[in-house]
Amino acid sequence: QHSLVVRIEGTSLPTELIVLGSHLDSINGFGGTSRAPGADDNASGTATNLEIFRIMMEEGLKPSRTIEIHAYAAEEIGLVGSQNMATRYKDAGINVVAMVQHDMTIYKAAGAEDKIWFVTSNTDTGFNDLLGQLVDGYVHLAWGKEALSGGTSDHASWRRAGYATAFPFENPRS
């Protein structure tokens, strides 16, 4: 499986790159005949990025910075695709100014409030706060910050490579 990249060239700052990531794979971690959780992990994150792309194209948006939308291979077996790409970008000296990971963006328990969580594990506090301000200004939903109770996602590969990361998530406790 290969990772996929869609690139939207920036107009005035084309050498500054913003990465929007998700992963393509899913895995049945429960064994036996249990269904794999692919609709949430991670068709939801990939759909989020595709919707961002659709809106940008429909509205004719021309970003100042270059935006790449990534769909990583082999996240479930150890962040393989994102680690490969983050390492290649770092080795090539590509100026990634921010990376936002979309993974498991849709599920909430019955009766739970609508809320966006920003994961604090392997992310940047200031970047999370900035995105929280954008939620306040444009989305008008409650938001909070919390560490993941287990596991990780592709943002960790980019953080290890030294890039600023954020990871909006459905619920870090689940």
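Details
- Contact map, the range 124-153: residues that are touching a residue at least 24 places away in the same chain (Cβ under 8 Å) and open to solvent by 40 Å² or more (accessible area, probe 1.4 Å) paired with residues that are hydroxyl-bearing (S, T, Y) and assigned to a loop (DSSP other than H, G, I, E, B), Cβ distance under 6 Å, separation 6+ or inter-chain. Pairs shown: K145/T120; A147/T120; A147/S121.
- Scanning the range 122-160 for residues that are touching a Lys or Arg at 6+ places or on another chain (Cβ under 9 Å), in a loop (DSSP other than H, G, I, E, B) and hydroxyl-bearing (S, T, Y) returns T123, S149.
- Close pairs from the range 47-60: first farther than 16 Å from R7 by Cβ, partner part of a helix (DSSP H, G or I), Cβ under 7 Å, at least 6 apart: none
- Residue that is least open to solvent (accessible area, probe 1.4 Å), among those in the range 109-123 that are among the aliphatic types (A, V, I, L, M) and within 16 Å of the chain's Cα centre (by Cα): V119
- In summary, F53 fulfils each of the numbered conditions (1) modelled with pLDDT under 95; (2) within 16 Å of the chain's Cα centre (by Cα) with the single exception of condition (1).
The values are calculated or read from the model by the stated rules, or taken from the named source; none is laboratory data. Since the structure is predicted, the reported quantities are computational estimates derived from the model, not experimental observations. All Cβ positions, even for glycine, are placed from backbone atoms using ideal geometry, and neighbour counts span all protein chains on display. Note: accessible area is taken over every heavy atom of the protein model, side chains too, but ligands, DNA and RNA are not part of it. Shrake-Rupley method; radii C 1.70, N 1.55, O 1.52, S 1.80 Å.
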